[in-house]
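Report on one structure; see the data block that follows.
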């Protein structure tokens, strides 16, 4: 834990507990007296919002699992039974279904905020890597959950995504002998639990979808621990230089986080109660049919940029490697950025390149949502996706290292306090008249 503990037990019970299990001391140091940079803006509230989203997903998921039947003949009807027969089942299902989208909205804002303010730079490399691992596990968990309703898009989405691993046969065509299947076939068969997406697949995906949120919760605990060891970054990217640069987390940021959490919950509630199927696919209200292929197979919106990258490459294996490489790239960001300045606020060139990256992500998402042969203003979207994929890799592997060495940053403020208070930072307060 960063800094010296200021917790003082007030009663005989708390002194007794503190000497045996200092859980109250930990809570006080982490969420009450923790020194927090005094210039954090509202973009820093999404860490708490993400914790809230994870809690909602776990609680609603546990109750839904009590009524869900992981059987290929019964799964679709069990979801309909939850919606129609279980008390408030419709609410739980819509909260869980749209909660995944809220989770990803918050995590994308959280990631882009980290990229903008340089929250990945030393000494926060482990904090960033833990965040990337959490993000990848979120993607896996969301995909597994998308299969469970056993609608048309669930079934065919599972078929398409699991088949991607078969491309690894081109890397290792045989495992353990020339008569044995390749690596990709082995992985795909294990995921299926047989020779196609079936009842065994649904059981495996259900068990993993139930397990992984608890793994995520443990990783979030590590993420928060790592944050409290190195301390928060801040919009200026300057390290804390003294007590004048910080305020206690409670009440200052606790109230601020709760306020923005309330606004987020209002937005979440509007989606759940008024637009519950806004972000879903109508084909998933049709029971899975292996004999009828939907005209367009698309994943959920939060996976569309990666799906666009995958489809933009004509060669299957290279497309899969590009897809996985896009996620792996994020792990190396702390070392790809060579600038001595953290925050894009003081980096004029990097700031523009960053906003192009944001636009690039939106464009890739749009391309992923359209059919393969779609075009816009006469331009085939597959070429837009290829350009978007190229910029993604160029940004991280070429532009980020080069710009860090070449650009001239704007002058940094002397301290966090001075950036907040300006010329009043070193003035003594005047008595009231």
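For (1) modelled with pLDDT of 95 or more; (2) surrounded by 11 or more Cβ atoms within 10 Å (Cβ to Cβ); (3) not in a helix (DSSP H, G or I), each residue gets a yes or a no:
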| residue | (1), (2), (3) |
| --- | --- |
| 386 | yes, yes, no |
| 397 | yes, yes, no |
| 409 | yes, yes, yes |
| 420 | no, yes, no |
| 427 | no, no, yes |
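When the criteria are applied in full, residue 371 meets the requirement of being loosely packed, with under 14 Cβ neighbours inside 10 Å and assigned to a loop (DSSP other than H, G, I, E, B).
Would you confirm whether or not the stretch 144-151 contains a residue that is part of a loop (DSSP other than H, G, I, E, B), touching a residue at least 40 places away in the same chain (Cβ under 8 Å) and within 24 Å of the chain's Cα centre (by Cα)? There is at least one residue in the stretch 144-151 that is part of a loop (DSSP other than H, G, I, E, B), touching a residue at least 40 places away in the same chain (Cβ under 8 Å) and within 24 Å of the chain's Cα centre (by Cα).
Among residues that are modelled with pLDDT of 95 or more, assigned to a helix (DSSP H, G or I) and under 24 Å from residue 138 (Cα atoms), residue 218 is included. On the basis of being free of Cβ contacts under 8 Å to residues at least 24 places away in the same chain and outside the structural domain of residue 165 (by TED's automatic domain parsing), does residue 321 make the cut? Judged against the criteria, residue 321 is a match. Inspection of the stretch 57-80 identifies at least one residue that is assigned by TED's automatic domain parsing to the domain that holds residue 221 and touching a strand residue (DSSP E or B) at 6+ places or on another chain (Cβ under 7 Å). When the stretch 213-269 is filtered for residues that are free of Cβ contacts under 8 Å to residues at least 60 places away in the same chain and surrounded by 19 or more Cβ atoms within 10 Å (Cβ to Cβ), nothing remains.
The values are calculated or read from the model by the stated rules, or taken from the named source; none is laboratory data. Computed from a prediction, not measured in an experiment: that's the story for all the values here. When we count neighbours, we look across all protein chains shown, and the Cβ atoms used for this are built from the backbone with ideal geometry, even at glycine.
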